[in-house]
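Report on the following structure.
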Amino acid sequence: MKFELIFTFLVLISSSNSALINSRGESYECTYVTSDLFKPLVPLPPTDSPVTRCYNLELVVKDLAPDGFTRPVWTVNGQYPAPLLQANYGDRILVNVTNKYGDPASIHWHGMFQKGTNYYDGIVGVTQCEIPNKVTFLYNFTLEQYGTYWYHSHLQGQIVDGLKGPLIIYDPKDPFYGKYDYEYVMTVSDWYHTPSGILLPLFRADKYRGFDPMPDSGDISGLGQCDCSAAPKNSTCNPNNKMATYVVKKGKKYRFRIINTSSLVHFTISIDNHPLTIMEVDGDYVKPVTLNTIPINIAQRYSVILDANQPIDNYKIRAHISVCTPNNNLTINYNAPLNYDVTGILKYEGAEDKLPTSKADSLNYTSEACRDVNPSSLKPYYENKVPKNVISTFKVLVTFGNLPTGKQVALINNSSFVPNLNYPTNQQVVEGVDPYKLPPSQNAHVYECNSGDCNDAALDIYIVNNSTDSHPFHLHGHIFYILFNGENNTGIDPPNEADFNFKDPVTRDVVTVLPNR
């Protein structure tokens, strides 16, 4: 489910050549980028002033076997996960996306503020139209932030099929420089053997009475293992698929940028015998806090520092899956032989090539399932005062209801969002449609402020999750202060402000809203 604020719309089509020339005659060399997440990340060197970085991304369908089972994967430059993109704070980024999927596509730049360029946010039906097949689309925006982010399809179920990858923006004033020696990027994701083009029509059928389709496996940075005995006849499945392996040197410290790129599942991350010190949450620095396990919901990111101070050996990386939605025997793939404990290897240089025999330290997955790291334990690294000039309050009631056909849908304030793929919301507003008169299915929440009221202005967004399940909520183009996150609240009036944290709340762009049980 997504909660959208509405701004403006524009589409720009560009050439897919390796050299890009704009209307002012400026030329940029564009890189066809590939990456290997199992090699230490080499940060970009700082520059005297921001620069323009140009990347070419080619969307192609290719047979791959991330978990051992071969299926067509919607790759970027032939890769899953999609290639790592890098830039420095303040840089301008140009991304030529050439669509060769045979299907329409789009890319959302998750966590980007897009100040003045929200038409490049990549949301089909809200900020742009689809990128047609055999067309190149240019995304062009400036990075007024730093941290760990990612990009992914925001059309239909394409994210399920593989269009997702990391985006790292370096901060020349990173207060943690010198606190670690090397960096890695680690993604965790669920994985489906059936393409979304088959799953989605079944899931959306009026007579469907199941819940969200269950995945077949999970992966760490694109490598996982599945139960090949359950693979269909005449399919190709390797029961000895490689395990995700990160190599470290004893005595060194490593920053791991962890991203949950899933479609459905929540993970709890741990590495045997190695506590993890959180120092960044969804792009913002926090005061260091050390935990043995880190719960991470869909689209969330954590940077952690790992001290490679254990005996030279191999240690298990554990990514435990929690499915936070119901399941019944009418659910697509309800009986999938899903391994809820996805594993990888933290391998010390000099260790034998063998599977880890390390043991977990009394992990309690139940207490962290479908939850965030406790926000009260996360404190912003820099003092950041909460704005007190609240110019509007949005009350958002999340429920599930039935269409006249009996099909169950998610509702926000009793309305289910229906995107207009041919006339995006931003375009409607730019062309003069009164945002207050948009159809209820657009779920548009409008706020206004006079110029004198906009200084240090804030919106209060109060979400009541009136369901039995927790849900991750992402606000495009913004971070927000988490003032309160409770559960078992049956009312629709805000909780007592005495319970709010106005002193030092953490900021995020994805929060898990707990259930009303």
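Odds and ends about this structure:
- Using θ = phi - 60° and Karplus 6.51 cos²θ - 1.76 cosθ + 1.60, couplings along the range 363-376 (whole Hz; Gly, Pro as x): 6, 10, 5, 4, 5, 10, 4, 6, 10, 8, 3, 3, x, 6
- Formal net charge of residues neighbouring Val248 (Cβ-Cβ distance under 12 Å; K, R +1; D, E -1): +1
- Prolate/oblate/rounded label for the range 406-517 (Cα gyration tensor, a/c 1.5): oblate
- Size-normalised alpha-carbon gyration radius of the range 89-188, reference 2.2 N^0.38 Å: 1.19
- The range 33-182 - accessible surface per residue (Å², probe 1.4 Å): 33 Å²
- Trypsin sites (Lys or Arg not before Pro) restricted to DSSP loop in the range 162-240 with at most 10 other C-beta within 10 Å: Lys173, Lys207, Lys233
- If you take the Cα centroid of the range 297-321 and the Cα centroid of the range 45-75, the two points sit 24 Å apart.
- Accessible surface of the range 139-246, 1.4 Å probe, proportion on carbon and sulfur as whole %: 53 percent
- Cα-based shape type of the chain, given that a ≥ b ≥ c are square roots of the gyration tensor eigenvalues and the cut on a/c is 1.5: rounded
- The residues of the range 303-402 expose, per residue, 53 Å² of accessible area to a 1.4 Å probe.
- Considering only the range 118-222, percent of DSSP beta bridges that pair antiparallel, nearest 5: 90 percent
- Cα gyration tensor shape for the range 243-373, rounded if a/c is under 1.5, else prolate or oblate: oblate
- For the range 313-423, the carbon plus sulfur part of the accessible surface works out to 49%, probe radius 1.4 Å.
- Taking amide H atoms as placed 1.01 Å from N in the peptide plane, the amide H of Ile258 lies under 5 Å from those of Met186, Tyr302, Ser303, Val304, each 5 or more residues away in sequence or on another chain.
- Relative contact order computed over the chain (Cα-Cα under 8 Å; 6+ residues apart), in percent: 16 percent
- On the principal axes of its alpha carbon atoms, the range 160-261 extends 57, 33, 18 Å, with the longest extent given first.
- Applying 1/(1 + (r/R0)^6) with R0 = 22 Å to the Cβ-Cβ distance of Asn496 and Ser415 gives a FRET efficiency near 0.20.
The values are calculated or read from the model by the stated rules, or taken from the named source; none is laboratory data. Note that the structure is a prediction, hence the values are computed from the model and not measured. For neighbour counting, all protein chains shown are included, and Cβ atoms are generated from backbone atoms with ideal geometry for every residue, glycine included. When the accessible area is computed, the model is the full protein with side chains, heavy atoms only, and any ligands, DNA or RNA have been set aside. Shrake-Rupley method; radii C 1.70, N 1.55, O 1.52, S 1.80 Å.
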